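Presented below is the structure to which this report refers.
The values are calculated or read from the model by the stated rules, or taken from the named source; none is laboratory data. Just so you know, these numbers come straight off a predicted model, no measurement behind them. Here Cβ is always computed from backbone atoms with ideal geometry, including for glycine, and neighbour counts include all displayed protein chains.
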Amino acid sequence: MNETDPRLLVTGSELILDERDGWPNFHDAEIDELKIWRGDVRPDDGVYIGPQITLQMYLCALQHPFAVLFRFDDCENIKMAGFSNQNPIMDLVFGVGERGLLNDGTPITPYITVHFLPVWHFELSFKCFRASVERITDHEGAA
């Protein structure tokens, strides 16, 4: 995995940039809600929706804390362990993962790799094709 500036990979990232247009500090952020949906594949109907993860986090260590709802589409290689009532992270790291080449030698669109660096026991990582910030709210207004 090559670590990449998340502003280049995450649609809607401008919603959570700090006053200097920097990616926020996710140190001690807590995962409030995590949903994994298997998707919907019905070839006869032309429906091909891959697995989806929606994740709400509370960025509590900021001067102006807020909750953010992320959505990740077409997920695979989902690895999760140690999820509990408190899931603080050290950082949220985005990268790009190569998928190989087409028959003509053209690179296949790469994966977005997502890794939540844990403070302790919690682990979450996966690959996806789209990542987006869906909304931000103050923590009291979090869904």
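For segment 93-112, the tally of residues that are of a type in the set (Ser, Thr, Tyr) and assigned to a strand (DSSP E or B) stands at 1.
For Trp23, state whether it is closer than 14 Å to Phe126 by Cβ and free of Cβ contacts under 8 Å to residues at least 24 places away in the same chain. The answer is no for Trp23. Only a single criterion out of (1) out of contact with any helix residue (DSSP H, G or I) (no Cβ under 9 Å at 6 or more places or on another chain); (2) assigned to a strand (DSSP E or B); (3) surrounded by 14 or more Cβ atoms within 10 Å (Cβ to Cβ) is not satisfied by Ala61, namely (2). Only residues that are surrounded by 15 or more Cβ atoms within 10 Å (Cβ to Cβ) and over 16 Å from His115 (Cα atoms) were counted in segment 32-49, giving 1.
For segment 70-92, taking the residues that are within 12 Å of the chain's Cα centre (by Cα) and assigned to a strand (DSSP E or B), the one that is nearest to Met57 (Cα to Cα) is identified as Phe70. Can we say Asn77 is out of contact with any helix residue (DSSP H, G or I) (no Cβ under 6 Å at 6 or more places or on another chain) and surrounded by fewer than 16 Cβ atoms within 10 Å (Cβ to Cβ)? Spelling it out, Asn77 is indeed out of contact with any helix residue (DSSP H, G or I) (no Cβ under 6 Å at 6 or more places or on another chain) and surrounded by fewer than 16 Cβ atoms within 10 Å (Cβ to Cβ). Of the candidates Gln52, Gln86, Gln56, the single residue that is closer than 20 Å to Ser125 by Cβ, crowded, with 16+ Cβ neighbours inside 10 Å and free of Cβ contacts under 8 Å to residues at least 60 places away in the same chain is Gln52.
Of the set (1) assigned to a strand (DSSP E or B); (2) at pLDDT below 85, all apply to His115 but (2).
For residues in segment 1-28 being at pLDDT 90 or above and in a strand (DSSP E or B), which is farthest from Phe94 (Cα to Cα)? So, considering only residues that are at pLDDT 90 or above and in a strand (DSSP E or B), the one farthest from Phe94 (Cα to Cα) is Thr11.
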